[in-house]
1. In contact with a Leu (Cβ under 9 Å, 6 or more places away or on another chain), within 25 Å of ARG16 (Cα to Cα) and surrounded by fewer than 24 Cβ atoms within 10 Å (Cβ to Cβ): does that describe LEU74?
2. Which condition from (1) touching a helix residue (DSSP H, G or I) at 6+ places or on another chain (Cβ under 7 Å); (2) surrounded by fewer than 21 Cβ atoms within 10 Å (Cβ to Cβ); (3) at pLDDT 70 or above; (4) of a type outside the set (Asp, Glu) is the one that LEU246 breaks?
3. Helices (runs of 4 or more DSSP H) wholly in the range 17-128 with at least 2 residues that are at pLDDT 95 or above and touching a helix residue (DSSP H, G or I) at 6+ places or on another chain (Cβ under 6 Å) - which ones?
4. Could you list, in sequence order, the residues of the range 88-127 that are farther than 30 Å from ARG295 by Cβ, open to solvent by 10 Å² or more (accessible area, probe 1.4 Å) and over 15 Å from the mean Cα position of the chain (by Cα)?
5. Testing PRO145 on (1) modelled with pLDDT of 95 or more; (2) not in a loop (DSSP other than H, G, I, E, B), one condition comes back false. Which one is that?
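The values are calculated or read from the model by the stated rules, or taken from the named source; none is laboratory data. Values in this document were obtained by computation on a predicted structure and should not be read as measured data. Cβ placement follows ideal geometry from the backbone for every residue including glycine, while neighbour counts extend to all protein chains displayed. Just so you know, the surface numbers come from the protein's heavy atoms only, side chains and all, with ligands and any DNA or RNA stripped out. Shrake-Rupley method; radii C 1.70, N 1.55, O 1.52, S 1.80 Å.
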Amino acid sequence: MSDERNERQGDAAHPRLRAAVIFNPSKQGTDALRAAVARAEERQSFAPSLWIETAVDDPGKGMAREAAEAGVDLVIAAGGDGTVRSVAAALRGTGIPLGIVPIGTGNLFARNLDIPVNDIDDAVVLAFAGIDRPVDVIVADITRPDGDDESHVSLVMAGIGIDAEMIQNTNPELKKRVGWLAYVDAGLRALPASQPYRAVYRMEARRHHRARVASILVANLGYLPGNIELIPDAEIDDGHLDVVVLQPRNLLGWVLIWRTVVWENRVLRKSALGRQFIDLTSGNRRQQIVYRRGRSVELEIEGGPQEFEIDGDEFGSVVSARFRVDPRALVVRVPR
C-alpha cells in the first residue's frame, strides 16, 4: 500500500506532459488521427490529450488560446494551411510548440518544413517526438475600403492582385478532387481577365517605388506546390520577409516570369555556370519580376481596392497594407 501511495505522489510531483489536438470534425481521417495520437501518447508517456474542435467562424485561433490557458505542453493542429495559420496566430510568442498533422489540399507550410503530408501516423509521431524549431511569422496590418483596420498573420505568403483573384476563382469541388492543381485551372481563367494596378511601396521606410503590377507577394517561404521555386533565397528563420513584384507588360512578360521561376530558379541557380548565364541574360526578366528583401514593406494601392489573400485563402479586398516580420516567434515541431 505504501509503494502505491509513493508512486502516486511521484506522479503528482512529476506530472506527465499533455498535448492538445485542434481539429476540424468535418474532415476525413478523424478516427485515424485519434488512433495515431493514442499510440504516440503511450510511446512518449504523455497524458491523454485535450481534443478541441474548430468552428465555422473560428478555424483554430480561439481553440489554441483555450489550449494554452489549459497549460498544455504541445498543441497539434490537424488541418490545412488555414487551420495551421489560425492556431499559429494564437501560439505566436508563447513558446508552446506547434505540431502539424496536414489534412488539406495545399499544406504549403508543412511541405516547406518536410513534414509528412500524406501519412497521418508519421505526422503524429513527428508532432510528439520531433525537434523544436523557431520560425518567423509575417504580420499583415491591412486597411479595408471602408477604412477599417485589421491585423492577420501569414506563415507562407500573402499577396495582393492576380494571385488573390486566382484563389477567389478556385472551384472548391475541384480543389477537393485534385488539390492544388485546382489553382492552375483558376489561374488560367483569371489571367485573361486580370487588370494590372498601380501601387506605391517601400521597404523598411526607405525610398518609394511606384509600379504598375499584376501582383505583389510577401513571402516567408520560397517553394510552391509542384516543386516550383518562387523565391530561391527565402529562409523561414532569417528574420526577413521576401517581396516579389510581378509586373509583366504583356503575355511575353508572363512567359519570362514563368521561365524565371521554373527554369532559372529551379535549374540554373544550382550551378555556378548557370548563375553566370542568369546574370548575362537577366535584363528582360528584371523588368518583369522584381525581388526585394527586408524586415518590413508598406504599400498603397492607387485607383481602387484590390483582392487580398493569405496562405492560399481569400481575405477580401484592401486599399493598403503593411507587412512586418516577427522573427522566430513561433516554435514548430520538425524532423530531426
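1. Taking the combined requirement at face value, the residue satisfies it.
2. Condition not satisfied by LEU246: (2).
3. Numbers: elements: 30-44, 61-69, 81-91, 108-112.
Here the list reads 30-44, 61-69, 81-91.
4. Selection gives PRO116, ASN118, ASP119, ILE120, ASP121, ASP122, VAL125, LEU126.
5. PRO145 satisfies all of (1) modelled with pLDDT of 95 or more; (2) not in a loop (DSSP other than H, G, I, E, B) except (2).
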